[in-house]
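Comments concern the structure below.
What follows is calculated from the coordinates using simple rules that are stated; it is not laboratory data. Here the structure is a predicted model, which is why all the values come from computation and not from measurement. Here Cβ is always computed from backbone atoms with ideal geometry, including for glycine, and neighbour counts include all displayed protein chains.
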């Protein structure tokens, strides 16, 4: 057992120590056994997030023909892919998606749309969507629609938005290499506005786009400091026609090390392993929880298919974990900071 990993693990467990950049990089060294890092990450998960696994679902309400040039995304109009293209879905389809999400065991449904960000007139559509979602009950209303002004955020919050998804995608240093149509700071400003409005923040990344371990550590620290409460961890699913179609896939053990690293740095947040889980981890998917994950996405992603919800629910059950029950929050945590885990769900170290 690595003494460095054990020392850092104990500091997080006993004092809630916030890892420095240098300490985070220690966990990434090839000489440090990934299983040692996972061992302590699992203990940290159990203490701070318990034995419940949150499951969420998404529906793409506006797809394809995107003006942005994110190099990993099949929806960009800059690339020739087989991505579907459609304008806003009928309200009935969103209502059906909310019903299906609830039935599958998801606690939340995220409305996702392509584009730089919404026009003010688009907000009327999202308000109607959220009304339809509310009719199904017991599903948190999440929205992920790009860069927004504080006025737009305030209106959506007033209409029922509990959480806003807004991924930083990669580190500040790496961001210009994967996107030129908007900046890292554009995304940060939206997160800061979400904090000021007291909206829960779901923000994470896509890994395997050419970043190194320094980028992964730097991004984790930024997410921590910007108050992200839910951290979606996506792993590149290489799509023909995009600039990253021939990128080198991440090794499964490197993926698990990344999850464990984020559990150390973001010890009290929800870590979800989402897009690319099936294609990149293959038979090692169940180990994400041993590496510190506390959430998954059930069902399909934006332009790629997931696996049947029953398989994920069986995996969670087989591991002795519990699927978190769907519920709607009556109040929001202040300043967009993570929701504290209920005492009844806390695990014992």
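Shape call for the range 62-122 from the C-alpha gyration tensor, a ≥ b ≥ c root eigenvalues: rounded (a/c under 1.5), prolate (a/b greater than b/c) or oblate? Could you put the intermediate results ahead of the total?
Working: a/c = 2.27, a/b = 1.75, b/c = 1.30.
Judged from the Cα gyration tensor, the range 62-122 comes out prolate (a/c at least 1.5, a/b above b/c).
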Looking at the range 58-186 only, what percent of DSSP beta bridges run antiparallel? Nearest 5 please. 10 percent
Full-extension gain between residue 283 and residue 127, please, as 0.36 nm times their residue separation minus the C-alpha to C-alpha distance. 52.1 nm
Of 230, 246, 144, the most mobile residue in a GNM of the chain (C-alpha springs, cutoff 10 Å) is 246
Relative contact order [Cα under 8 Å, 6+ residues apart], the chain, whole percent: 25 percent
Residue 181-residue 88 pseudo-label distance in nm [points 7 Å out on the Cα-to-Cβ vector]: 2.0 nm
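Among DSSP beta bridges whose residues both lie in the chain, state the antiparallel percentage, nearest 5. Let's see the in-between values first.
Details: 1 of 34 bridges.
Close to 5 percent.
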Neighbour-count order for 20, 81, 15, fewest beta carbons within 10 angstrom listed first: 15, 20, 81
Could you list 122, 312 in order of exposure, starting from the residue whose Cβ has the fewest other Cβ atoms within 10 Å? 122, 312
Just from its helices, what would the mean residue ellipticity at 222 nm be for the chain, if runs of 4 or more DSSP H residues each count -39500 (n - 2.57) and the sum is divided by every residue, rounded to the nearest 500 deg cm²/dmol? -11500 deg cm²/dmol
Find the centroid of the Cα atoms in the range 269-295 and in the range 14-93, then give the distance between the two in whole Å. 9 Å
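Mind checking the full-extension length gain between residue 96 and residue 246? Use 0.36 nm per residue of separation minus the Cα-Cα distance, one decimal, nm.
Working: separation 150, 0.36 × 150 = 54.00 nm, distance 3.65 nm.
Extra length available between residue 96 and residue 246 comes to 50.4 nm.
Could you list 11, 80 so that the one with the fewest beta carbons within 10 Å of its beta carbon is first and the one with the most is last? Mind dumping the intermediate values first?
Numbers: 11 15, 80 11.
Taking fewest neighbouring Cβ atoms as first place, the list is 80, 11.
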Mind giving me the nanometre distance, one decimal, between the label points for residue 172 and residue 65, set 7 Å out from Cα along Cα→Cβ? 3.7 nm
